[in-house]
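Heads up: the structure comes next, in structure tokens.
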Amino acid sequence: MANIGMEKVYQEFDPVTRWTSEPDAEILVVDLPGFKKEQLKLAVSSTRKLRLIGERPTGGNKWIRFHKEVPVPLTLDIDSVSATFKDNKLYVRHPKVKKTQVPQTKPPVIKKPHDQHEKNKGHQGSKASQSGGKTEQRKHDARKKESVGEPREALSSKDHEEKDKVGAKWFEKYKEATGNMVKETKNKRQLLCNLAASVSLVLLILLYARNAVRSSLVWNSEECVTLTMYI
């Protein structure tokens, strides 16, 4: 009655584990001193891990507990796991995966269908090369016959003269066009020079007229003063 309402104080416990082998299974042995079968829980996860959980009181509100996960090798069957608890030891038995022996037979050698095709292709290629060589020889003989025949007529002197005339006409046209362009540029320059000279002449005339007006005004003012003094 004194333990009712008191919080449990846990002490973590790490049990010792080891594997033992049998011809058809592997057994995991877990040392659990002081534990009972009813205080243990066992489960296998989908990730191939064996989960071992247990807790027991040690007196008052003190308890010992453990939570351990052990990975299961791929060579063991996790669907047929069995466990027994004896003499403070937990024995977890994992049967080995049975290997089905398949008789080893040499695979039959299959000839590739394209091998025969390659051979036929090679024969056809050799025949084609032979026929091609014959046709090239015929073309070569025909060229020899053409070269032995009458030589081609050389270009006549009239053709050369006509080509020279055409070239001279084009040169005259080019010369005329360039001469006209030079004349136009000279005329433009002369026009600009004349325009500049005219503008400068007009400016000089205006300046001269301005100075003449000013001198006449000065002379008239002096004359008026002398007349006034005389009177």
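The values are calculated or read from the model by the stated rules, or taken from the named source; none is laboratory data. The structure presented is a predicted model; accordingly, all values stated were derived computationally and were not measured. As a convention, Cβ positions derive from the backbone with ideal geometry for all residues, glycine included, and neighbour counts pool all protein chains shown. We work out accessible area using only protein heavy atoms, side chains counted, and drop any ligands, DNA or RNA first. Shrake-Rupley method; radii C 1.70, N 1.55, O 1.52, S 1.80 Å.
Residues that are modelled with pLDDT of 75 or more, small (Gly, Ala, Ser) and assigned to a helix (DSSP H, G or I) do occur in segment 149-170. Given the structure, is PHE85 surrounded by 12 or more Cβ atoms within 10 Å (Cβ to Cβ), touching a residue at least 40 places away in the same chain (Cβ under 8 Å) and touching a helix residue (DSSP H, G or I) at 6+ places or on another chain (Cβ under 6 Å)? So PHE85 passes the test.
Here is a yes/no grid of residues against (1) in contact with a Cys (Cβ under 8 Å, 6 or more places away or on another chain); (2) open to solvent by 80 Å² or more (accessible area, probe 1.4 Å); (3) closer than 18 Å to ILE78 by Cα:
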{"position": "PHE13", "(1), (2), (3)": "no, no, no"}
{"position": "SER21", "(1), (2), (3)": "no, yes, yes"}
{"position": "ALA25", "(1), (2), (3)": "no, no, yes"}
{"position": "ASP31", "(1), (2), (3)": "no, no, no"}
{"position": "LEU42", "(1), (2), (3)": "no, no, yes"}
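Every condition in (1) touching a residue at least 24 places away in the same chain (Cβ under 8 Å); (2) touching a Pro at 6+ places or on another chain (Cβ under 8 Å); (3) farther than 13 Å from LEU90 by Cβ; (4) surrounded by 13 or more Cβ atoms within 10 Å (Cβ to Cβ) holds for LYS49 except the one numbered (1). Considering segment 27-54, and only residues there that are among the charged types (D, E, K, R) and in a strand (DSSP E or B), the residue that is nearest to ARG65 (Cα to Cα) turns out to be LYS41.
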